[in-house]
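The values are calculated or read from the model by the stated rules, or taken from the named source; none is laboratory data. Computed from a prediction, not measured in an experiment: that's the story for all the values here. Please note: Cβ atoms are built from the backbone with ideal geometry, for glycine as well, and neighbour counts cover all protein chains shown. Protein only, heavy atoms only, side chains kept; ligands, DNA and RNA dropped before computing areas. Shrake-Rupley method; radii C 1.70, N 1.55, O 1.52, S 1.80 Å.
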Amino acid sequence: MTTAKRLETIEDVLTANGVSRRTFLKFCISTASFMALAPSMSTVIAKELLKARRPSVIYLSFQECTGCLESLTRSYTPSVENMIFNMVSLDYDDTLMAAAGKQSEEALDTVIKENYGHYMMVVDGAVPLGNGGVYNTQGGKSAVQILTDSAKGAAAIVCVGTCSSFGGIPLAHPNPTGAVPVSDIITDKPIINVSGCPPIPAVITSTLVHYVTLGVPALDAHHRPLAFFGNTIHDRCYRRPFFDEGKFAKTFDDEGARNGWCLYELGCKGPTTYNACATTKWNEGTSFPIESGHPCLGCSEPNFWDRNGSFYAPLAAGLISSVAPIGEAAGAGAAAGVGTAALSRLRNRAKVRQRATEKQTSKEE
Amino acid sequence: MIARRLSDIPVKVEGDASKTGSTTGTVGGGLIAILREITEMLERLARYDESAAIDLRSLPFSPSDYQSLRESLGTGEVEITLNVDGISRVRETGFAGVWWVEHRSPDDELLAVLLEITNIPEIVVTNRDEVARSANRLRDRLSIHTAGGNIQ
Amino acid sequence: MELLEFARGPALKVALVVFCFGVLWRLVGTVLLRFHPHLSVPRNGFFKSFMLGLAVAGSRSWPYRRFIVRTGYGEALGYSYHIGLFLVILFFAPHVLFIKSLFGVSWATLPSSIVTIIAVVTFTLLLAVLFRRLAYSVLRKLSNFDDYFSWFVTTLVIVTGLMATAHFGARYETLMAWHILSFDLLLIWFPFGKLMHAFYIFPSRMINGYFLARKGAPS
Ligand code: SF4
Ligand code: SF4
């Protein structure tokens, strides 16, 4: 993988692989349209891409399920996926590469040394810090160690998936391994979070294209590309007219569910979830979860596993596990009321008595 | 009633049809705005030879809006189908210089829909480098041929 | 923990605890207070006085005909925004879901667009109410911090709620968090300020009416 003669620019690779100018132009047009860039940007992307040096990419996997990599390697068309591999030089990926064991570790060291300061790192999976990081080791090195060592020479880090972006499922309560997102460990490098469980394939590839051509894209507060994470699912949901009309499915098989009404009452997290599902959709643009009748789980948000109480609890619900303390408070309030009233009566009686004695003394005088 | 789709939700289109020459008889306010934009782009193309494009998917259009836009623009004389990693269709509209361009993936998924205001969309034109490259390729073959090889 | 989680979780819990404690403390404390002893012979029996008391609670809640020109505007204003508040609180779908999550009961809701319109009208009325309080010197001199703060927390909940539905001013989850936090604030303030009138107003009118009836001075 690393020993082959390096083709320097993307144009070299495209010509060598017989990718026609039109195919390439079409790819740039689609990407620009997908990223909601002005159509004229497609020409800029095309120009930049052709003269760009193919960045060397190191793909690291930690606490993850490989779902994100599955998603990436199944981007919407096989040709686009190839296009991505034409554009970057994937020099290290222990899941995809042929080399294993010592060989692969050496490969990583060489890539880092040869491209120091220039390579891009793609990380999927959270990083466990508990017990000195023993819960995830590769070749005798802990994940934290590998991450910090590899990040030193990286130009930027793209976190693919909610686990590397925000901790995801490994970080979910009770987080036995002490998992944290990459951004908790690496703080001195540009980080782009492409969250989602998994992220939409085209969102991953377009983010990579944007990075290669126009640099780090505009990001939101969670370091996610605004082009894909600028709107909530709810903003673009085709069931929105029903939400506004107040028509809700109450169960998964009632009349509302069959009529395709809004899933808010069934726990939809669309209103607080930033992702491109509603516009980009899944499986070659077939549909997205809400279209299949299931509420959004909020998978692209930090702490999505725990933060809403339940996937099926409506967003408006209070996050209170038990109302007992409130009942107790009411009881205590009533008791306090009895106490106050009693005190007031006592004081009143004392006053009456005092007045009586005063009267008596004044009479006696 | 069975599951509703977005396109089944009734959309009311308002406006005065006679002003835009539409064949359907109804034109929405958004549509008029985009037709105005196209007009301006056409004027710039005529005067300064400046091309422009509109990404139709970036507009908040409903399917029926697309339909009326299509109908207002009509069809022209040229229609080109490109086989570039999936089908791309380049169609001249009833207004010379306005092209309706659709790009699809090999799975026929719609990747982009553009209105290009230009003499001829760039994806159709053959570019200089390509011409030079094919000249080289052909010359190579000829030299193989004269050296006793076969033209394949 | 994010702001929204905090608002929906711990903050809400604390607010509800304070609210329930405070309301019951004040209600029970008031009910058990000693009434002034009756020195005269009762002119009406218990039942009749009770009914007259109820009548007073009703009649005192309606403008007095002779003053209607002077008080009508204020009363109409007051009633309208209270009705608006009730409609918005009780018939907006997310609010009903909130109530359901706490108490397990729910009922029919109004379309969101209608609730939004009612909320905008209510907000405008609240502004008018504040203006009236500031514009009339008598009213202004009667007002203290309690009046203004109670107005403020109520209006804050409406404003943040409207902002959240309109997605205006910040990201939706932040607006939601503000809305719930302002409601939490309202709950905490409720038992200790004039908002408590929600519980006191009709019973106190009724009890006044009852005592007047006992004394033979019903009206
Ligand atoms: S289904 Fe979910 S995302 Fe869609 S309108 Fe309803 S709440 Fe919003
Ligand atoms: S609809 Fe929601 S839960 Fe489902 S993939 Fe999209 S963001 Fe994740």
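Quick notes on this one:
- Gaussian network model of chain C, Cα within-10 Å springs - most flexible of C:Val69, C:Val121, C:Val159: C:Val69
- Interface size A-B, as summed buried accessible area [1.4 Å probe, Å², nearest 100]: 2400
- For the stretch B:29-146, with all protein chains in place and a probe radius of 1.4 Å, 50% of the accessible heavy-atom surface sits on carbon or sulfur.
- Its Cα centre serving as origin, the protein assembly as shown has a Cβ charge dipole (Lys and Arg +1, Asp and Glu -1) of approximately 5080 debye.
- The residues of the stretch B:44-85 listed by number as losing at least 50 Å² of accessible area in the complex, against the isolated chain and with a 1.4 Å probe, are B:Asp55, B:Val84, B:Asp85.
- Shape analysis of the stretch C:73-184 yields a ratio of the Cα radius of gyration to the Kirkwood radius, Rg/Rh, of 1.01.
- Whole-number D in µm² s⁻¹ for chain A, Kirkwood Cα-pair radius fed into Stokes-Einstein, 25 °C, 0.890 mPa s: 103
- Where the stretch A:250-365 is the region considered: accessible area per residue in Å², 1.4 Å probe: 52
- Nearest 10 degrees, 0 to 90: helix A:78-87 Cα axis against chain A principal axis: 80
- Per-peptide packing, taken as the mean over residues of other Cβ atoms within 10 Å, places B:110-117, C:145-152 in the sequence B:110-117, C:145-152 from highest down.
- Descending principal axes extents, the stretch C:6-131, alpha-carbon based, whole Å: 57, 40, 30
- Quarter of the Cα convex hull surface for the stretch C:128-209, i.e. its orientation-mean projected area (nm²): 7.0
- Longest to shortest principal axis, alpha-carbon extents of the stretch A:135-189, angstrom: 34, 25, 16
- Equivalent-ellipsoid semi-axes for the stretch C:61-128 (Cα gyration tensor, √(5λ), whole Å, largest first): 30, 14, 8.
- Just checking the listed ones, A:Ala98, A:Ala324, A:Ala155: in the Gaussian network model of chain A with Cα springs under 10 Å, the one fluctuating most is A:Ala324.
- Beta bridges assigned by DSSP with both partners in the stretch A:54-229 are antiparallel in approximately 25 percent of cases.
- Farthest toward positive dipole pole in the stretch C:26-151 [+1 Lys/Arg, -1 Asp/Glu at C-beta], among C:Ala108, C:Leu142, C:Leu125: C:Leu142
- Peptide C:91-100 has a mean shielding of 5, counted as Cβ atoms of other protein chains within 10 Å of each residue's Cβ.
- Summarising the label geometry, the points placed 7 Å from Cα in the beta-carbon direction at C:Asn144 and A:Thr43 lie 7.3 nm from one another.
- Options A:Leu346, A:Pro241, A:Val323, ranked by Cα towards positive dipole end of the stretch A:233-364, top entry (Cβ charges): A:Leu346
- Residue-averaged beta-carbon neighbours from other chains (10 angstrom radius) around B:99-112: 5
- Proximal lysines to C:Lys215, defined as alpha-carbon separation beneath 23 angstrom and excluding residues fewer than eight positions away on the same chain: C:Lys48
- HN-Hα J in Hz across the stretch A:197-202 - Karplus 6.51, -1.76, 1.60, θ = phi - 60°, x for Gly and Pro: 10, x, x, 5, x, 5
- Considering only the Cα atoms of the protein assembly as shown, their convex hull presents on average a projected area of 50.9 nm².
- Share of Cα-Cα pairs in the stretch A:181-221 lying beyond 12 Å, as whole percent: 65
- Listed values for the stretch B:65-81 are Karplus-derived 3J(HN,Hα) couplings in whole Hz (6.51 cos²θ - 1.76 cosθ + 1.60, θ = phi - 60°), namely 5, 4, 4, 5, 4, 4, 5, 5, 7, x, 10, x, 9, 9, 9, 10, 10, and x replaces Gly and Pro.
- When the other protein chains are added to the chain by itself, burial of at least 50 square angstrom of heavy-atom accessible area (probe 1.4 Å, ligands and nucleic acids ignored) affects these residues of the stretch C:20-34: C:Phe21, C:Trp25, C:Leu32, C:Arg34.
- Per residue, the Cα convex hull of chain C amounts to 165 Å³.
- Lone cysteines, the protein assembly as shown (no partner Cβ under 4.7 Å): A:Cys28, A:Cys65, A:Cys68, A:Cys159, A:Cys163, A:Cys237, A:Cys262, A:Cys268, A:Cys277, A:Cys296, C:Cys20
- Measuring with a 1.4 angstrom probe and ignoring ligands and nucleic acids, C:Leu87 comes out at about 60 Å² accessible.
- Each principal axis of the Cα cloud of the stretch A:168-265 was evaluated for its coordinate range; sorted largest first, these ranges are 52, 39, 21 Å.
- Lysines whose Cα lies under 21 Å from that of A:Lys47, excluding same-chain neighbours fewer than 8 positions away: A:Lys26
- Mean projected area of the convex hull spanned by the Cα atoms of the stretch A:92-163, taken over all viewing directions: 4.9 nm².
- Total formal charge among the other residues, if their Cβ is under 15 angstrom from that of A:Ala151, Lys/Arg +1 and Asp/Glu -1: -1
- Across every pair of non-identical alpha carbons in the stretch A:312-365, the mean reciprocal distance, once inverted, gives a Kirkwood radius of 15.3 Å.
- Per the Cα gyration tensor, the stretch A:233-364 maps to an equivalent ellipsoid with semi-axes of 63, 15, 12 Å, ordered largest to smallest.
- Interface C-A: total buried accessible area of about 3400 Å², 1.4 Å probe, protein heavy atoms only.
- Rg in Å to one decimal, and Dmax rounded to a whole Å, for the stretch A:247-302 via C-alpha atoms: 11.5, 34
- Equivalent ellipsoid semi-axes, the stretch B:29-146, via Cα gyration tensor eigenvalues times 5, rooted, Å: 34, 18, 11
- Cα point-scatterer Debye curve for the stretch A:26-76, base-10 log of I(q)/I(0) at q = 0.15 Å⁻¹: -0.63
- The phi torsions of the stretch C:65-77, fed into the Karplus equation with coefficients 6.51, -1.76 and 1.60 and a -60° offset, translate into couplings of 4, 5, 9, 4, 5, 7, 9, x, 4, x, 5, 4, 4 Hz, rounded to whole numbers, with Gly and Pro shown as x.
- Kirkwood estimate for the stretch A:54-229, i.e. one over the average of 1/r between Cα atoms, Å: 16.1
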